[in-house]
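Enquirer: Quick one: the structure is below, questions incoming.
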Amino acid sequence: MRWAKGRHETYLCFVVKRRDGPDSLSFDFGHLRNRAGLHVELLFLSHLGALCPGLWGCGPGGVQLCYSVTWFCSWSPCLDCSRRLAQFLSQTPNLKLRIFVSRLYFCDAEDSAEREGLRILKRAGVQLSVMSYKGRGGLVSLQSED
């Protein structure tokens with residue numbers, strides 16, 4: 001959808017889950033919209049410290065906390081955001097990310113840079129899926145082409 005209305009507006013709904021112990025789970029949720037000059041994926045990362053206390057250190061009792069984050073986005077990440085996310089995830093092994101997108105951003109050609117960005121995310125361990133209309137099958141998982 002190269003000329004889709006709203007291409008420059010990306011919305012991200014998120015769910016952050018943290019296992020507090022063997023029998024308890026805490027979570028937070030919210031939404032973000034991109035701002036001038038800052039893509040929504042990077043905006044989310046700038047808020048991550050508040051959403052995931054103890055992510056880079058230890059939580060109560062000196063235990064490193066593990067987080068699972070799920071995104072529901074109107075567009076898939078661009079190449080630059082994909083690279084930055086993959087780099088961030090390589091430095092944060094206690095954070096798992098799942099991304100569900102409504103539309104693929106500029107992924108028309110097989111060899112597009114944005115498709116390479118999605119491959120980078122897959123190699124970084126991100127679970128990527130494209131949402132479709134309910135009557136057309138639900139979710140389509142993106143498979144690695146490597």
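Enquirer: Any chance the range 20-33 includes a residue that's of a type in the set (Lys, Arg), at pLDDT below 85 and open to solvent by 50 Å² or more (accessible area, probe 1.4 Å)? If you could, list the steps in order and put the result at the bottom.
Expert: Initial filter on the range 20-33 (of a type in the set (Lys, Arg)): 33.
Of the ones still in play, those that are also at pLDDT below 85 are none.
Checked against the condition, which is being of a type in the set (Lys, Arg), at pLDDT below 85 and open to solvent by 50 Å² or more (accessible area, probe 1.4 Å), the range 20-33 yields no hits at all.
Enquirer: Determine, yes or no, whether Asp80 is modelled with pLDDT under 75 and open to solvent by 60 Å² or more (accessible area, probe 1.4 Å).
Expert: Working: modelled with pLDDT under 75: no; open to solvent by 60 Å² or more (accessible area, probe 1.4 Å): yes.
When the stated conditions are applied, Asp80 does not pass them.
Enquirer: Same structure again: Check Ser46, Ser112 and return the single one that is of a type in the set (Ser, Thr, Tyr), modelled with pLDDT under 90 and more than 19 Å from Ser132 (Cβ to Cβ). Before the answer, list the steps.
Expert: Details: Ser46 fails: modelled with pLDDT under 90.
When all the criteria are applied, what remains is Ser112.
Enquirer: Between Ser129, Ser102, which is surrounded by fewer than 17 Cβ atoms within 10 Å (Cβ to Cβ), in a strand (DSSP E or B) and at pLDDT 90 or above?
Expert: Details: Ser102 fails: at pLDDT 90 or above.
Sole residue among the options that is surrounded by fewer than 17 Cβ atoms within 10 Å (Cβ to Cβ), in a strand (DSSP E or B) and at pLDDT 90 or above: Ser129.
Enquirer: Right, here's the next one. Does Gly117 satisfy the condition of being open to solvent by less than 70 Å² (accessible area, probe 1.4 Å), more than 17 Å from Tyr11 (Cα to Cα) and at pLDDT 90 or above?
Expert: no
The values are calculated or read from the model by the stated rules, or taken from the named source; none is laboratory data. Only a predicted model underlies this, so the values are computations on that prediction, with no experimental measurement involved. Here the Cβ is made from the backbone with ideal geometry for all residues, glycine too, and neighbour counts use every protein chain on show. Each accessible area value is taken on the protein alone, full model and side chains, heavy atoms only, with ligands, DNA and RNA left out. Shrake-Rupley method; radii C 1.70, N 1.55, O 1.52, S 1.80 Å.
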